[in-house]
Every structure is written in C-alpha cells, then in structure tokens.
Amino acid sequence: MNHVILQDQSEPIRVGKIVCLGRNYVDHIKELGNEIPSSPVIFIKPASSIVRSGEQVRIPDYSSDCHHEVELAVLIGKTGSRLKEAEAMDVVAGYGVAIDLTLRDVQSRLKEKGLPWEIAKGFDTACPLSDFVPAAAVTDPHNLQLTIKVNGEIRQDGNTRLMMRTIPRFISEVSAIFTLQPGDILLTGTPAGVSRIVSGDQVEAEIEQVGRLKIGVA
C-alpha cells in the first residue's frame, strides 16, 4: 500500500491508480519517431511502482535501456466521472513532480509485436514521486518550467505550456473511461530530452512552484 503527502494536510493520502498520458509534447513525439496521436495515449502504473524522493530506483535485469521522463503529476481530491472540461479542475487537489521511468528497449519490442507495454512502465520503482503542493499554490499549471538533471547535467528543460492536451482536457477524457477517485494521480507527459540512466547515476527533477525530486539508481 503506497501513500503520498499533500502539504498542509495532516494524514498521508492512499494512492489509487496512476493514469499516465503519453505523447503529449510534440518535440518528444518527434525525438522518438512516433506519430502525433488524434486521441489520448493512456496507460496505467500500479501504486506499487512509487518511490519517494531520496530513495533508489532499480532497473530490472530484463532491460538495458531505462529512460527518465520528467512530468507534472496531478493529485485527484474528489470523485469525478464523465467530467466536462469546464468542471474538471474542481477535482484537482495538488501538483507534484514525477519521473516516469521507461524501459525503452522492452517497450519497443512489445510495440513491434502489438502487445501491451505495462512491464516497461509499471515495474517496481518505475514512478518516483515528490510530495504534492496544494493546487492553490500553483499560479498556472500550464506555464511551469520543468527540468531534469543526471549527475548535474541538464537533460530535459521544457515548459508545461507545450502540452498538446491541457490538464482539464486530460481529466475530462480520462474520467469518461475511469471514474476518478481521491488519491488517484495523473501524469501529464514529458518534454523532449529523454535519455538513458544507469547504475550509479544521480537524478534530480524540478518543477517551478511545485518542488524537487531526487533519486539514485542502484
């Protein structure tokens, strides 16, 4: 059972499902040679994939090409189903920093065969997460600089204004498929610059107004 911390709230929040949006930044789509999607590319990570800032991630032995992807995480605070975009932000409780770890070699092999690729995205430690700040603490979630450094070198440096799908649109689309519940987390996609991490690396992700997340690679 995994929990996250929402600042200014006394009790930890139990995490439900982690719903992730792929291909939401055009430059990232281009760097991987993918097509721009006409509908949202959605996948789920289990709560068991969460690790906290200061902890270590472990790359599974069935992969030799693990990539980092810094993302804005959205914490859901209210139940919502089939939400309209105009009301979607009402269910947002807070924002956090996430790193979506992806086994790129495994993902590519599975995609070539037309198979699901959860084992490339949902393995243990695949979802490093920071604590969350209340939604009111963020002036505009669609204009936040997000960066990631590996061993002090900047690898990703982008802005959430480059997202193809806005947060309310993503919430509306997701809630038409899955009922959103308190403790659910949405990951909103990553900008360009994803690259490989290996054992011994130190990774630091930061999103302005939201926070910082540091992990080591075992």
Looking at segment 18-35, is at least one residue surrounded by 19 or more Cβ atoms within 10 Å (Cβ to Cβ), touching a residue at least 60 places away in the same chain (Cβ under 8 Å), of a type in the set (V, I, T) and over 25 Å from M163 (Cα atoms)? no
Just wondering, is there one or more residues in segment 148-166 that are touching a strand residue (DSSP E or B) at 6+ places or on another chain (Cβ under 8 Å), touching a residue at least 24 places away in the same chain (Cβ under 8 Å), of a type in the set (A, V, I, L, M, F, W, C) and under 18 Å from V4 (Cβ atoms)? no
Give me the residue from segment 185-208 that is in contact with a Phe, Trp or Tyr (Cβ under 8 Å, 6 or more places away or on another chain) and not small (G, A, S) and, out of that set, nearest to D27 (Cα to Cα). P191
When you look at G200, is it of a type in the set (G, A, S), at pLDDT 95 or above and farther than 30 Å from K78 by Cα, yes or no? yes
In segment 16-34, anything within 20 Å of E173 (Cα to Cα), assigned to a loop (DSSP other than H, G, I, E, B) and at pLDDT below 95 is listed as R23, N24
Among the residues of segment 57-94, how many are touching a helix residue (DSSP H, G or I) at 6+ places or on another chain (Cβ under 9 Å), charged (D, E, K, R) and part of a helix (DSSP H, G or I)? 2
Tell me, yes or no, whether segment 49-70 has at least one residue that is of a type in the set (A, V, I, L, M, F, W, C) and closer than 16 Å to S172 by Cβ. no
Test: L187 is over 29 Å from K84 (Cα atoms), among the hydrophobic types (A, V, I, L, M, F, W, C) and crowded, with 24+ Cβ neighbours inside 10 Å: no
Within segment 128-138, does at least one residue satisfy the condition of being under 18 Å from L75 (Cα atoms), part of a strand (DSSP E or B) and either without any contact (Cβ under 8 Å) to a residue 60 or more places away in the chain or among the aliphatic types (A, V, I, L, M) (or both)? yes
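The values are calculated or read from the model by the stated rules, or taken from the named source; none is laboratory data. Being a predicted model, the structure only gives us computed values, none of them experimental. Positions of Cβ are generated from backbone atoms using ideal geometry, with glycine treated the same way; all protein chains shown enter the neighbour counts.
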